[in-house]
Structures are given as C-alpha cells and as structure tokens.
Amino acid sequence: MTRLSLAAAAALSMTTGAATAQTEITWWHAMGGALGDSLNQIATDFNASQSDYQITPVFKGSYEEALTAGIAAFRAGEQPNVLQVFDAGAATVIGASGATIPVQDLMTQNGVDFDIEDYISGVRYFYADSDDKMIGMPFNSSSPIMYYNIDALEAAGVEAPTTWEEFAETTAPALVEAGYIPLAQSHSPWIFVENFMSRHNLPFATNENGYTGIDTEILVDTPELKAHWTALQDWEENGYYAWYGAGWDDNQAPFEEGEVAIWLGSSGSFGGLMQKDLPFEFSATYLPYWEAITTEPTQTFIGGASLFAMSGKSDEENAATAAFFEFLTSPEVQYSWHRETGYVPITTAAYDLAKEDGHYDRFPAAEVGIQQLSLPAGENTKGYRMGFYVQIRDVMNREFGRILSEGVDVDDAFATIESEANALLARFGQTQG
Amino acid sequence: MKRAGFTQRWLPILLLMPQLVIIAVFFYWPAAYGLRSSFFLQDPFGFSETFVGFGNYLTLMRSPSYLKSAGFTVIFSVLVTFLSLAIALILAVKADRVIRGAKTYRTLLMWVYAVAPPVAGVIGLIMFDQSWGPLMDFAALFGWDFVLGVNYFDTAFAMVVVSVWKQIPVNFIFFLSGLQSIPRSVREAALIDNRSASGRFWDVTFPLLAPTGFFLLITNITYSLFDTFGIIDTTVKGEPGNNPMTLVYKVYVDGFRGNDMGGSSAQSVILMVLVLLMTVFQFRLIERRIHYT
Amino acid sequence: MTATPKRRIKWSNVVDHLVLIAGSAVMILPVVMLLQMASNPDIETMRNGPGLTFGDRLPANTTKALFEASGFSGVNSGVQMLYNSFILGIGFAVGKIVLGMMAAYAIVYFRLRFATLAFWMIFTTLLLPLEVRILPSYEIVQKLGMLNTFQGLIIPLIASATATFFFRQFFRAVPEELVEAARIDGAGPVKFFIDILIPLSRTMIAAMFIIMFVYGWNQYLWPTMITTDEDMYTLVRGIKQITQSLEGTNLPEYGRANMLALLAILPPVLIVIFFQSWFVKGLTESDK
C-alpha cells in the first residue's frame, strides 16, 4: 500500500469516527425542483449550525408516493425519522396513532419550548388531534389565493373582485370585453370545495369536520356548494371561466401566457411565478366569497404538507428530530423559507420578522397567504380529518371533470361524490378495526 | 422429456432449485398473500384489519367507476389490438413487396419496439400538449378542439394513438417474417390463379398469415392490458381526474396512491382470473402450433 | 409498347414506397422532435413547444442530463441512472437465461418423476404478469428487506417462466443422437451441458439476451415501486420525475428532460438495430 492511500485511509477512519459521534437522521420529502433546493438548503444549514446531529433529506417523488413509501418503510421497520405528509394524507397517518410521535410530545420530552399559541392561527390546528394537541409539524403551508394580471385588469378597467357576485356581474364581463379569459383555477377539490367551506365557515363533515370521530360523513351535497358549482358551469359556458384539466400546471400555464386574467393558485406558487419573469405585472389578493352565503368571510385552511416524527426510533434520534424541528421553526429559517418559496411562515415570530425586514413592502403579494390564514376563524375553519381522502379527492376530481367537460348535472355529480366519499369513509373506518 | 435422458437423481433437482425457489418466494407467496388481502380491509400501517369476506369484491361490482374503467379497458384493448395489427399488416405487406430499400424500411419500422412505454407516453404528452402540441394543431385543421386531460374522449384517443404507435413494430416483425416464410412456389401458383393483387392477398396470403395473426391477437391483448401502464401513467400526469383508466392502472391508483390494500388486492385477483382464462386459451394454442411445427 | 405495363408496375411500387416512407416518418419524427426540443432553451420550449429550428443547447443539455443530479444526495445523475438501467437490463437478462436454461435442461434431459410437477409449477407463472400481483410482491420484497437493492429489483422480475419455456422448446428440438453420442464418449450431464448444449444454443442465447435486455431495461412500474432511493433510480423510472412538478413552482427543464428521455431509449434501440437478425429471431421464435 502506498503512503498516499494509507493517509487517505487514516483520514477516512477519522471522518467516520467523527460521524459516529453524530446522530444521523433522515427526512423523506416530496419537494422537487426549486423547492427541493430550498429544502436541501435548510438541511445543510441545520447540519452546519451544530455538531451533534446530521440530517439527510431524501426526495421520494410526489406527495402520494412519499406517503406510500413512508408507510411501506414503516411496515418494514425502516421508516425515516421525519416524513413529509400532505394535507390529504393527514388522516391516514394521524389515524394510525402508533406510527408517529406527536410533535408536541416530542418537543416537550426533549426540553424544547413548545407553545401552540406561537403558531399562526390558520396553521395551528390543521394537523392537531381533537384535544388540540399538535401531531404533525406544519412545514410547507400554503393557502389558495387569487393571482391577477394587473395589466389585464387595467385594460378592462376593473379591480380584483372581492366577492363572486362582483366577479360575475362586473369583473368577468369587462375582462371578456378586453379580450381575456377572466378566470382559471388549479386544484378544484382544494380551492373550490375544502377552502370554499372554510372561507364561508360551512361544515365540511360530521364529527366537527372529522376531528372527533371515525364514523364521519362528508357534507358536500349542500345547496351552497352546488350553487357555486352551478355558477361555475354557467361561467364556463359564458366564457368567464376556463378549465384545463385536473393537472396543476395546465391551469397555471394560460395565466402565465397572459390569456387568463385571474388565476386561483397556491400562495406557494409565488416563488415560481416570480422566477418565470412574466411579461406582465401581477399581484394577488384573497379568495373571493359569496355575499349571498356570508357577509363575514372567514380564514382558509392551510394546504401543503407537514412533517411527522415517525415512532420506533431511539431516544438520541428523537432528540435530533426535536432539535431539527426547533431549528426549522426558528423565525430566521421560517422567514428565509417563506421568502424563497412563497409558503407562509408558520409562527407569528417569523411573520413579524418578515414584516420588520420590509419583505411585504417589496412584495405585497407575498403577504396575502398569511393574511388570509389570519382572518377571523370560525367553528369550521380548523381543518378536516377524513380517511382515504386521497381517493375522495380523486372522486371529486373525476366528477368535476364531468361537470366541466361533459356538462353533467351538478346535483347528480355532488350526490355521487357524497355517496362515494361516504362509502370510502365507512371502509376506512373498517380498516381501523 | 428425451427418451435418452440422464438418470442422476440430485443433479436435476439442484438445477431446478434456483428457479423453483424464486418462483415460490416471488410468485406463489405474493399470489397467496394477495388472495388473502382481498378478503380484508387493512389499515395502511398494518396496525389493524377487519375481515370483510367478499365485501371488497361486492364493492367493486357495485362501483360505477370500476365498471367504467372495465368498459374502457375492453374498448381500449379492442382498438389498440385492431389498429396496431391492421397498420402493421399493411406495412408488412408493402415491405415484403419492395425490393429497393427493404432492409432500411425494416429497420426504420421496428426500432420503436425498444422504446419504453413511459417514454412513449412522454412523447405523446408533447405531441398533444394543450398550448402547442403539433397533433393538437393538426386536429384543429379539422375543426377538432382537442384538449388532452380535459375531454375524456380526447384523452382516450391520445392513449390509443400512443399505444398503437408503440405496438406496431412487434406486429410488423411477426407479419413480415410470416410473409417471408410463405414458400415461393405458393406465391407463384397464386400469381397464376389470381390476377388481382388484393384478391391474391385475401385468398392466399391472409389465410396463411392467420396463425401468426391469431397468436398476435393474444399478445396484443396482453400488451394493451398490462404493458400500456407506463403510457397511461404518464398521460394522466399524476391526476387520474376524469381521465380514462385501464384496470391495471386502477389497481395502482387505489392501492398505491390511495393506500386501499384490500380493495386493490381484490382488483388484482379479478385480473388474475381474467389473465388465467386468457392464458389457458393461449397455452392450448401454442401447444397446437408446436404440433404443427 | 412495353412502356405501359412497366409504368403500371411502377405506380404500385411508388404507392408501396410512399406507404412505407409515411410509416417510417411516423415512427421517427416524434423522436427527432425530442431532439429538437432538447436543443433549445427551456423558456422557448415552454412558450412555443416543438419547432423546426435546432438551437445550440444540445451540448449544454446533454451535459446537464448526464451529470447534473436533482437531489440532496447529488447521486441521481443521468450517468448513475444509466448505470442502474444497465445493471437491471443485464442482470435481468442473464438471470433469466441462466435459470431458464438450467431448469429447462433438468426438465428435458433427466428421468425425474418430479419433473412434471416442476414443469407445471414453473408454467403457472406464465399466467400472471407481475403487474397483477404487484402489491403483494412489493410487500414480500419489503418483508425481505430488499427494497432499494438490485436483488429486490431484479429477482422478482425473473420469477416467470418465459425463458424456461423457450429453452425447453429449443432443447426438445436438439437431435437425440447427440446425447447418445455423449454418453458413449463417457461425458456426464454437466460436461454435456457445458461442452455441447451451451455452444449449440449460442445463437438462441444471444437472441434471448436481446429480448430480455430490452424488456428489463424498459421496466417501469416495478422499479417505480421498489426503488425509492435516488441512487437506485433507473432511467425509465426517472421519467416519472420528469413529468412531475409541484404546484407550478418552477420552470420545467424541458431540455434536460427530453435529453434524459432520449438517453433512456438509446441503448435498447441501438442494440435492436445492430443485432437485428438475432433480435427478430429471438422475438419470433420465443412466442412468449
């Protein structure tokens, strides 16, 4: 053996020696592309910020794939320490109470200060249990907001609508006149069902939106929701609204191309829109509401995903996870995540930091998501908890496609959604033994 | 078995063992496991389960969306099979006839065999893209407002086109080698008997190709049932929505995306029975072919 | 004049050529389009889609596709995926051929009561493609701790009888006299297998290898489920990432994605083209 390789071997054994002193944890997530880069930066910063712990993020595909991979790994006893679970998967993970350690317990057991009141009110309870104990740590939290093309609205001589009535009577006709398609929207189940409920403070499911029991039934076959969808169907016919399929990007692209004047998307889309250097000025504001339903619109649910601490790990590793969560929720980290991605900061301290730094003076649209989440709450705005919800969303998407592309009757479609969703919920109840 | 075989006792067992072990572990065990799962509803994490008897099967039989995707699967398979066989046959007949450039044509027409189905799906996505797809522009020439992912029919159309594109080469190769194995004497006799080219084709060539065609029929049905998964998966872009779905894709959507183990196991078992019937049919066919050759 | 009949023959010839040219164009143009898109800047592709002009980004995008990884680990570069795909393709083909030949040899050349049972046990696997038993197979692989390993990727795919069936057919057609002669020469079964039967099957093995390599390389669903670690991704599985983006947060990297797609089809396509005669033989004689 040459001297060089001996030295290399010695160096190697030294670094591995150092590594064993560190506790290593893994983090499975579903953030690809630029979001993944921002996430990796958080991990790198955490590793650099201290010497006891080392976190490794691993990209696991889409939200659905990441959840399935996490579940499979758990069954094989090879689960990661931290798993990112999206909103629709929350019930599956929280329902299996032995699968995760509630973050609130994890934090307090490891001597990290935890006060649920530190979190933004719209964020606080979505991943909590019926006793308001936080189970999953909100991570990339977004809210559906209304983006609009300033140039288009100016050309039409209108303001961004605050109510759907205003949209239908004033905004849309003027925009059509000016040669635009007034409205498009990505992710119908999220924006036009889930957040429709919270924006108008309507119950979404029995058992307090599913939080207090397993025998939950969904409540979507309601006059308010059906009136909205009937209106939408009419708008589509009049050219006020265009639907480009169930895919997210297909609905966003026409807005970016300047064909569509108003697009309902995620507050988390902000970073991407900025990056694309659009050929027009855009801004954002709150999701409109129906004055006919309420004159006191409430806050929206958060979307996006949260981080769960998987159970079955050693105390040292759990301590590392707790330390990571502490780092993650620190105002500085939250603010930089917020600034780069457009996802909302989850704590009031981080929000204050962003305000102090003048972030919203520079980008007023970046504040819309968090402001909307901080609107007055109602008894139905905490969130929802339903099992097999991924499939329920698939049912919704299917029926919405039929309403918007095949002209299926709204009443029939919602009756179908309600009965199929309830059958799925009943089946989920049976899986829970 | 050869009449003049060896008589060692342990050697053949040793030779068979690797294959048998792998089959037992990765074929019989999963098949049995799937059968069992189909009678339960199971928590995704495996904490609890409830025996539901034939409940999962009954749910499927009553589910309009399952029946709809079963219906789509039938139509899809028939279309893909028929179109890819017909087009490949035309091309093979032409390629068999030309003298100049025969080899080049053969190469150009068969290399797509090696293209992976999901890549074919990605190509389809580009061709039919909503804002600038060339085939969408082409459809617009006929006043067809083609929108992939929005209109059920249009999406199904795109799936069929891509699947046929991917399948033509295999059929082409089989038909061409079938044609080339027709003896010269038969062809010459036909030339005397039958003056019109199309008459010769239907009276002589087509019947001689029938065994190949029949064999290909089953291969093609299997292809459109199973191997098109990658095409479907890429075409729907991660959101099933109201897009058409084949039965195999639905197993994946419900089991892998929706974490409904019991329901998707029941779907797997139904597919197993279906394939079982088809393959018994195919097996008898192959055995008969062997007798003749 | 003799020109008239000649002309008529020519016309049908022209039609034949036109049909074949059209068919070839339909096969080739989509792939040329991929190449064209990979040669242009992403933002242009996003706005205009495929066009007629080739840009200058081909080398840059090729480099990106080959060497740039997307992930914290920095390991799922095109080269790594290419490597994984080769392992899958070759491992699958070799495993299948070796196991298939061994089993077929045992079934055809030995007097063994157990043979009929073994034969049927193996043959039942022809009935059920991996796709229909995919979830339980996944559970088994997971129970055995073989997720994200090459064994887990390859071995379950081998659990089917296509190669065994194929070699059984072939061995049965080998003349009886050969084995008689070998026995008279005092050659044992192992010697006969290695010295006579394998050399005799060379062409068949090559043909089989090409079919199986392409089949293994093009696997999609199974690798998608089994490999969740970035360093295990194959190219075809990587396609999934290409088509996926989340909440419209970033500019799709068309150039890189299309280059990766081209990369994914290149090796099997080249093999099929260069070993055309073996490939056709393998395909038409295996009959699945």
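The values are calculated or read from the model by the stated rules, or taken from the named source; none is laboratory data. Bear in mind the structure is a predicted one, so any value in this text is a computation, not a measurement. Every residue, glycine among them, receives a Cβ derived from its backbone with ideal geometry; neighbour counts consider all protein chains shown.
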Discussion item. Given (1) free of Cβ contacts under 8 Å to residues at least 40 places away in the same chain; (2) away from chain A (no Cβ under 14 Å), identify the lone condition not met by B:Y252.
Written reply: (2)
Worksheet item: In segment B:34-45, how many residues are closer than 22 Å to A:F388 by Cβ and within 11 Å of chain C (Cβ to nearest Cβ)?
Response: 5
Worksheet item: In segment A:264-273, is there at least one residue being buried (at least 21 other Cβ atoms within 10 Å of the Cβ), more than 30 Å from A:A128 (Cβ to Cβ) and in contact (Cβ under 8 Å) with a residue 12 or more places away in the chain?
Response: yes
Item to complete: May I ask you to list the residues in segment A:229-278 that are acidic (D, E), over 21 Å from the mean Cα position of the chain (by Cα), within 14 Å of chain B (Cβ to nearest Cβ) and in a helix (DSSP H, G or I)?
Response: A:E236, A:E256
Discussion item. Within segment C:69-92, does at least one residue satisfy the condition of being farther than 22 Å from C:L235 by Cα, at pLDDT below 85 and within 13 Å of another protein chain (Cβ to nearest Cβ)?
Written reply: no
Practice prompt. Would you mind telling me which numbered condition in (1) touching a Leu at 6+ places or on another chain (Cβ under 7 Å); (2) surrounded by 23 or more Cβ atoms within 10 Å (Cβ to Cβ); (3) away from every other protein chain (no Cβ under 11 Å) C:A207 fails?
Written response: (1)
Worksheet, complete the sentence: Restricting attention to segment A:418-433, the residues that are buried (at least 24 other Cβ atoms within 10 Å of the Cβ) and either closer than 22 Å to B:G149 by Cα or facing another protein chain (nearest Cβ under 7 Å) (or both) number exactly 1
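Whether any residue in segment B:125-147 is on the phi > 0 side of the Ramachandran plot and surrounded by 17 or more Cβ atoms within 10 Å (Cβ to Cβ) is what I want to check.
So far as segment B:125-147 goes, no, none of its residues is on the phi > 0 side of the Ramachandran plot and surrounded by 17 or more Cβ atoms within 10 Å (Cβ to Cβ).
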Discussion item. Of everything in segment A:65-83, what is surrounded by fewer than 21 Cβ atoms within 10 Å (Cβ to Cβ) and within 7 Å of another protein chain (Cβ to nearest Cβ)? Give them in sequence order.
Written reply: A:R75, A:A76
Discussion item. Can you list residue pairs whose Cβ atoms sit under 8 Å apart, with the first residue in segment C:48-60 being among the basic types (K, R) and the second being surrounded by fewer than 16 Cβ atoms within 10 Å (Cβ to Cβ)? Count only pairs 6 or more apart in sequence or on different chains.
Written reply: C:R57/C:P41
Practice prompt. Run down B:G46, B:G71 and say which single residue is out of contact with any Cys (no Cβ under 9 Å at 6 or more places or on another chain), part of a loop (DSSP other than H, G, I, E, B) and surrounded by fewer than 19 Cβ atoms within 10 Å (Cβ to Cβ).
Written response: B:G46
Worksheet item: Which strands (runs of 3 or more DSSP E) does segment A:103-200 wholly contain that include 1 or more residues that are more than 30 Å from A:S330 (Cβ to Cβ) and out of contact with any helix residue (DSSP H, G or I) (no Cβ under 6 Å at 6 or more places or on another chain)?
Response: A:144-149, A:181-185
Worksheet item: What single numbered condition from (1) more than 14 Å from every other protein chain (Cβ to nearest Cβ); (2) at pLDDT below 95 fails to hold for A:T341?
Response: (1)
Practice prompt. For A:A305, work out the one condition from (1) at pLDDT 95 or above; (2) part of a strand (DSSP E or B); (3) of a type outside the set (F, W, Y) it doesn't fulfil.
Written response: (1)
Discussion item. Can you pull out every residue in segment A:289-340 that is in contact with a strand residue (DSSP E or B) (Cβ under 6 Å, 6 or more places away or on another chain), more than 12 Å from A:F139 (Cα to Cα) and of a type in the set (G, A, S)?
Written reply: A:A309, A:S311, A:A320, A:A323
Item to complete: Working only within segment A:63-87, note down all residues that are out of contact with any strand residue (DSSP E or B) (no Cβ under 9 Å at 6 or more places or on another chain) and among the small types (G, A, S).
Response: A:A72, A:A76, A:G77
Item to complete: Give segment B:180-222 a look and list any residue that's part of a loop (DSSP other than H, G, I, E, B) and among the aliphatic types (A, V, I, L, M), or say none.
Response: B:I182
Practice prompt. Enumerate the helices (runs of 4 or more DSSP H) found wholly within segment C:42-155, keeping only those where 2 or more residues are under 29 Å from A:M31 (Cβ atoms).
Written response: C:42-48, C:58-67, C:78-109, C:134-143
Worksheet item: Does at least one position in segment A:161-173 carry a residue that is surrounded by 23 or more Cβ atoms within 10 Å (Cβ to Cβ), more than 27 Å from the chain's Cα centre (by Cα) and at pLDDT 90 or above?
Response: yes
Discussion item. Residues to consider are B:L89, B:L20; find the one that is within 30 Å of C:F192 (Cβ to Cβ) and at pLDDT 90 or above.
Written reply: B:L20
Worksheet item: If we scan segment A:84-100, do we find a residue that is more than 10 Å from chain B (Cβ to nearest Cβ), more than 16 Å from the chain's Cα centre (by Cα) and not aliphatic (A, V, I, L, M)?
Response: no
Worksheet item: Out of curiosity, is B:A210 closer than 30 Å to C:I273 by Cα and out of contact with any Gly (no Cβ under 7 Å at 6 or more places or on another chain)?
Response: yes
Worksheet item: Which condition does A:L35 not pass, out of (1) at the interface with chain C (Cβ under 7 Å from one of its Cβ atoms); (2) closer than 13 Å to A:V82 by Cβ, if it passes all the others?
Response: (2)
Discussion item. Kindly evaluate B:V280 against the criterion of being within 21 Å of the chain's Cα centre (by Cα), at pLDDT below 85 and in a helix (DSSP H, G or I).
Written reply: yes
Worksheet, complete the sentence: Residue count, segment B:213-233, condition closer than 13 Å to C:Q219 by Cα and in contact (Cβ under 8 Å) with a residue 24 or more places away in the chain, comes to 5
Practice prompt. Could you tell me whether A:F400 is surrounded by fewer than 21 Cβ atoms within 10 Å (Cβ to Cβ), at pLDDT 95 or above and of a type outside the set (D, E)?
Written response: no
Worksheet item: Out of (1) assigned to a helix (DSSP H, G or I); (2) within 12 Å of chain A (Cβ to nearest Cβ); (3) free of Cβ contacts under 8 Å to residues at least 40 places away in the same chain; (4) buried (at least 19 other Cβ atoms within 10 Å of the Cβ), what's the single condition that is false for B:Y66?
Response: (3)
Practice prompt. Give the number of residues within segment C:43-66 that are among the aliphatic types (A, V, I, L, M) and buried (at least 17 other Cβ atoms within 10 Å of the Cβ).
Written response: 3
Worksheet item: So how many residues does segment A:367-408 have that are within 30 Å of A:F282 (Cα to Cα), more than 8 Å from chain B (Cβ to nearest Cβ) and among the small types (G, A, S)?
Response: 4
Worksheet item: If a residue has to be within 21 Å of the chain's Cα centre (by Cα) and not in a helix (DSSP H, G or I) to count, how many in segment B:238-261 make the cut?
Response: 5
Worksheet item: Taking C:L126 and the conditions (1) more than 19 Å from the chain's Cα centre (by Cα); (2) within 7 Å of another protein chain (Cβ to nearest Cβ), which numbered condition does it fall short on, given that it satisfies the others?
Response: (1)
